[in-house]
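Computed from the coordinates by the stated procedures, all read-outs in this text should not be read as laboratory data. Just so it is clear, the structure is predicted and the values come from calculations on it, not from any experiment. Reconstructed Cβ throughout: ideal geometry from the backbone, glycine too, with neighbour counts over all protein chains shown.
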Amino acid sequence: MARITHGLTTSHIPAVGAAIDLGKTQESYWKPLFDGYEWTKSWAKANVPDVVILVYNDHASAFTPEVVPTFALGCADEFPPADEGYGPRPVPVVRGRADLAAHLAEGLILDEFDLTLMYRMEVDHGLTVPLSLVYGQPDAWPTTVIPFAVNVVQYPPPTAHRCFMLGKAIRRVVEQFDESLNVHIWGTGGMSHQLQGPRAGFINTPWDTAFMDRLVKDPDGLAQMKHLEFVREAGAEGIELVMWLIMRGALGPDAEELYRFYHVPGSNTAVGHIVLQSADTPA
Amino acid sequence: MTSYTAEFDDIPGTRVFTAERAKKGYELNQFCMSLMKEANRERFKADERAYLDETKMSEEQKQAVLDRDYNRLIDLGGQIYFLAKIFATDGLSYLQAVSTMTGMPIDEYQQMMLHGGRSPQGWRSIKDGD
């Protein structure tokens, strides 16, 4: 059977992608941020999964004002990088995993999660920046990826609770897949940040720290959090943190924290990064 | 307005992008999406007014684009990830564009971020004055 062994969270700040692409990672502004990912890069090299289910949000790249899917599952064989207005990022095409995606589509929809299924989709910084942070600049990504896009742009986004339940369902459905696969799941976005209005630049470090603690130890409690608290305490774009609950739900009840990193600022944003191992993972 | 939507209006300096605002900003956000194509970016830069006049945007939306008044654009139904296509066309980063909405000079905004960002104190709730 397939098994979800590990999860991680990371911000997906577009300027981080630009810093990587333009060779600026050793500049004084950026170095502390990239140093914080060195542990993960070594760990990731030694623990390459067969598939990453990558939970992220599209930033007006694949989804236009014409269509707003709450949950969209990438079912194609490949996903090219999008041109977000600066030209596409110079990163490899993302290779999908269509058989597992088809299995997830069937299992999750029968479990009453009414997904949108994507057979052609370009992927933006929300998906490619996390890959760059974890895998650097290879000629090809070392793993296949199933993109899982969540609407956190138009209100209401899905609730934290719905995201957590979806994560639990993803775990059940992955375990019903016949082939033996090692699957990781990533939750991206956050942490506190606001990119609009007079309140832009909002950062709440104590709240972010408590959120990471609860993500590990008290995900059931965290899943009760209302949208209003996310926006009030983590900024308008901090609502992206609901996506972390999908990752956490998919790791099972207990998870061990392997690594944590927190840094302000990455452009306008608090960078939160945590690597978790499911307690069910065989040694 | 539902109570769900109304609750967010208690948060200072913030407009969440509701279904109602999405409808209001539809043509504006579609214009932004058109700038994802290089050829359109070139045409827009060559004659902004003429390019805007080809769209179905309202006059006040067009004017706010010409003024690069991002707070006004958000009031008129724009959403920041769509509006990003405008400042990307201008060659600006999120940091540069976002700072214009705060009334702070870019240097001051950047210093604030380097010192840990805008403190939540006083920015949580209008009614609670917190």
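Figures for the structure shown
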read-out: Tally of residues being within 13 Å of another protein chain (Cβ to nearest Cβ) and over 19 Å from the mean Cα position of the chain (by Cα) across the stretch A:48-83; value: 5
read-out: Identity of the residue in the stretch A:209-230, within 14 Å of chain B (Cβ to nearest Cβ) and crowded, with 22+ Cβ neighbours inside 10 Å, that ends up farthest from A:Gln277 (Cα to Cα); value: A:Phe230
read-out: Any pair with Cβ under 8 angstrom, 6 or more apart, that starts in the stretch B:103-124 at a residue that is of a type outside the set (Asp, Glu) and ends at one that is loosely packed, with under 13 Cβ neighbours inside 10 Å; value: B:Gln121/B:Asp130; B:Gly122/B:Gly129; B:Gly122/B:Asp130; B:Arg124/B:Asp130
read-out: Qualifying residue in the stretch A:233-250 (condition: within 14 Å of the chain's Cα centre (by Cα), among the aliphatic types (A, V, I, L, M), in a loop (DSSP other than H, G, I, E, B) and farther than 30 Å from B:Leu95 by Cβ); value: yes
read-out: Residue within the stretch A:95-111 that is within 14 Å of chain B (Cβ to nearest Cβ) and assigned to a loop (DSSP other than H, G, I, E, B) present; value: no
read-out: Residue list for the stretch A:35-73, filter: part of a helix (DSSP H, G or I), among the hydrophobic types (A, V, I, L, M, F, W, C) and surrounded by fewer than 20 Cβ atoms within 10 Å (Cβ to Cβ); value: A:Trp39, A:Trp43, A:Ala46
read-out: Pick from the stretch A:132-180, criterion away from chain B (no Cβ under 14 Å) and part of a strand (DSSP E or B), ranking: surrounded by the fewest Cβ atoms within 10 Å (Cβ to Cβ); value: A:Thr144
read-out: Residue count, the stretch B:5-43 (criterion: among the hydroxyl-bearing types (Ser, Thr, Tyr) and facing chain A (nearest Cβ under 7 Å)); value: 3
read-out: Residues located in the stretch A:181-227, provided they are in contact (Cβ under 8 Å) with a residue 12 or more places away in the chain and assigned to a helix (DSSP H, G or I); value: A:Thr205, A:Trp207, A:Asp208, A:Thr209, A:Phe211, A:Met212, A:Leu215, A:Val216, A:Pro219, A:Asp220, A:Leu222, A:His227
read-out: Failed criterion for B:Val65 (all others in (1) within 11 Å of another protein chain (Cβ to nearest Cβ); (2) touching a residue at least 24 places away in the same chain (Cβ under 8 Å); (3) among the hydrophobic types (A, V, I, L, M, F, W, C); (4) closer than 23 Å to A:Gln194 by Cβ hold); value: (1)
